[in-house]
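Working notes, structure below.
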Amino acid sequence: TCGICVEKCPFDAIEIINLPQELDEEPTHRYGENSFALYGLPAPEDGRVTGILGPNGIGKTTAVHILADEITPNLGDFEADPDWERVLEAYRGTALQGYLEDLQEAEVTVARKPQYVDKIPDTFDGKTSELLAGVDERGVADDLTERLGIASVVDQPIDTLSGGELQRVALAATLVRDADFYFLDEITPYLDIGQRVTAARLIQELSADDRSMLVVEHDLAVLDLLADALHVAYGEPGVFGVVTPPKSTKGGINQYLGGYLENENMRIRPEAIEFEEHAPRVEGYGETLVEYPEMRKSYGEGEFALEVDSGEIRENEVLGIVGPNGIGKSTFAKLLAGRLDPDEGSFDARLDISYKPQYVEIDRPMRVDAFLASITDDFGTSYWNTEIAGPLQLDRIMEQQLTDLSGGERQRVAIAACLSEEADLYLLDEPSAHLDVEQRVLATRAIRRYTEAHDKTAMVIDHDIYMIDLLSDRLQVFEGTPAERGHAGRPVGMREGMNAFLSNLDVTFRRDERTGRPRINKPGSQKDREQKNAGEYYYAP
Ligand code: ADP
Ligand code: ADP
């Protein structure tokens, strides 16, 4: 096996040529004998946004501790006394020399956004406005909260905020600081695409003020939009990690998706991840699972109201669901499940839905294996191992307690639990949150293969456009004004769906000429204008 999966390779890709090997040179830092070792370091640069692309557990946080002068790198000699002189010597003549010298002269101040925003209420008690006032060194909190769309929640206690609101509060609380070096560990979880693009713009604006920004991000369309240069991190999570010298953002992402790092001569994945340039044809396959009529539902006078166009969902398909947060996607699912009755339109199919919510809450004092065994009798069978545990990389965490899992681990357990239930319809809300890029690809395959092999139907809500593209057979587009009114279109083909969705956002994608990968167009560029005129926002005509 390639070390990722438990039993036999579910992707028929056992022929791994050159799995990353630990380098035969001095590491930047090693925690101890037989402990994790980091090779290389990202090089922050004034006035630039530097991205890091790579899996979890590969040493990104370690690197930031070094760049923030919280760890003195030991160059592999974990018994020696910390010695910056040796480090400066080792990095003389590299892109990092200037930064490390400034760090030694105590001329670098650091601001950081943590990866797991759900934990903020554990460490801060009070109103959001108080949190922001305490860190607003640049005096821009009002402006940032306005632009991030969280002005209406600043008077709320922090523990009443949703994950999407916390993510934006955390971003604001980092960007209001007056620092030289900003480290942002994942900016997109729980944000819809409009909010992701806003966050990217704010980070770029701050970098233009001659500050260095280092961003870890797994939503590749956003990373592509955001970063001026990119380090790829690869290796064996938990064992060793290598941070490559900076690459161009476009080249780095292309090589990453292709599975092969050119300068390093390193294959990091057996096969390339490919996007279809032309919309796939899917009309006319799959039996109808359910037909539903036009429906309306509101939560009371003057509160949120949803209008649903009639439509059908098919067996065997993955239906991608796109649209902003707060637009009625969960309300629609509750109508399908019969947990809510429509005010207008009658629907009594009551589908049995297995649901993975956006905010995963499985914190019970229980081991992962016991939890999953309590959900399905298939637990531990070779079929279950191959189709669910393998692709979701569960074998390494089976014996851990649910309460000890990281965000990405919890997400994978929750996806496995959702797919393991007996149900008519699997509804997954933001399965990409906190998964690294590799895990997104594996989770995408697990969901697709599972629905194909078992004549099941999945509906997947996600804001990572690459994941939606790789996952979906058809799309359902939600639009309207969040928290006021929503409109759910009927499920349509990919081209029609992407055009409707992206025209609402006023964003077009072009294709990378070498790999066919979709890339966000600069607003107002020639391609952007041409495509808008032609009404082709995503796929080539
Ligand atoms: P990432 O940010 O890419 O997820 P980290 O830098 O947090 O990765 O961790 C990389 C590896 O280093 C992990 O396997 C982690 O367990 C290990 N590690 C982190 N801190 C220490 C430490 N103080 N002592 C030993 N190992 C550590
Ligand atoms: P989405 O899944 O697209 O984020 P939801 O369907 O969860 O959207 O919610 C749409 C809107 O309806 C939101 O403004 C939400 O606050 C509101 N809402 C959801 N459930 C209720 C309820 N039980 N009572 C009143 N308002 C609700």
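The values are calculated or read from the model by the stated rules, or taken from the named source; none is laboratory data. Because the structure is a prediction, the values reported are computed rather than measured. Because the Cβ atoms are built from the backbone with ideal geometry, glycine has one as well, and the counts that use them run over all protein chains shown.
Any idea which of Val360, Val368 is surrounded by 14 or more Cβ atoms within 10 Å (Cβ to Cβ) and more than 16 Å from ligand 2 (Cβ to nearest atom)?
Details: Val360 fails: more than 16 Å from ligand 2 (Cβ to nearest atom).
Every option except Val368 fails the conditions.
Would you confirm whether any residue within the stretch 78-93 is buried (at least 18 other Cβ atoms within 10 Å of the Cβ) and under 27 Å from His231 (Cβ atoms)?
Step one: of the stretch 78-93, the residues buried (at least 18 other Cβ atoms within 10 Å of the Cβ) are 87, 91.
So of that shortlist, the ones also under 27 Å from His231 (Cβ atoms) come out as 87, 91.
Yes; the residues of the stretch 78-93 include at least one that is buried (at least 18 other Cβ atoms within 10 Å of the Cβ) and under 27 Å from His231 (Cβ atoms).
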Scan the stretch 492-541 for residues that are without any contact (Cβ under 8 Å) to a residue 40 or more places away in the chain, surrounded by fewer than 14 Cβ atoms within 10 Å (Cβ to Cβ) and not in a helix (DSSP H, G or I) and jot them down.
Asp506, Glu513, Lys522, Pro523, Gly524, Ser525, Gly535, Pro541
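Specify the residue that is farthest from ligand 2 (Cβ to nearest atom); the eligible residues are those in the stretch 447-485 that are among the polar types (S, T, N, Q) and over 21 Å from the mean Cα position of the chain (by Cα).
Step one: list which residues in the stretch 447-485 are among the polar types (S, T, N, Q), which gives 451, 457, 472, 476, 481.
Retained after the next criterion (residues that are over 21 Å from the mean Cα position of the chain (by Cα)): 451, 457, 481.
Numbers: Thr451: 21, Thr457: 19, Thr481: 10 Å.
Per the stated criteria, the residue is Thr451.
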Residue that is closer than 26 Å to Tyr116 by Cβ, over 22 Å from the mean Cα position of the chain (by Cα) and within 16 Å of ligand 1 (Cβ to nearest atom), where the choices are Gln411, Gln400, Gln393
Gln400
Residues that are at pLDDT below 90 and under 26 Å from the mean Cα position of the chain (by Cα), drawn from the stretch 295-324:
Asn316
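Among the residues of the stretch 340-354, is there at least one that is outside any loop (DSSP other than H, G, I, E, B) and over 27 Å from the mean Cα position of the chain (by Cα)?
Yes, that holds for at least one residue.
Please tell me if Ala333 is within 11 Å of ligand 2 (Cβ to nearest atom), surrounded by fewer than 22 Cβ atoms within 10 Å (Cβ to Cβ), touching a residue at least 40 places away in the same chain (Cβ under 8 Å) and farther than 24 Å from Leu471 by Cα. Before you say what the answer is, go through the steps one by one.
On the way: within 11 Å of ligand 2 (Cβ to nearest atom): yes; surrounded by fewer than 22 Cβ atoms within 10 Å (Cβ to Cβ): yes; touching a residue at least 40 places away in the same chain (Cβ under 8 Å): yes; farther than 24 Å from Leu471 by Cα: no.
In short, no.
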Of everything in the stretch 141-161 that's surrounded by 14 or more Cβ atoms within 10 Å (Cβ to Cβ) and assigned to a loop (DSSP other than H, G, I, E, B), which residue is nearest to the chain's Cα centre (by Cα)?
Leu148
Checked Ile321, Ile273 against criteria (part of a loop (DSSP other than H, G, I, E, B) and of a type in the set (A, V, I, L, M)); the one match is Ile273
Scan the stretch 97-131 for residues that are aromatic (Phe, Trp, Tyr) and farther than 17 Å from Ala63 by Cβ and report the count.
2
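Applying the selection to the stretch 394-446, what residues are in a strand (DSSP E or B) and free of Cβ contacts under 8 Å to residues at least 40 places away in the same chain? Please lay out each step first, then the result.
Quick first cut of the stretch 394-446, residues in a strand (DSSP E or B) only: 401, 425-429.
Hit for the stretch 394-446 is Gln401, nothing else.
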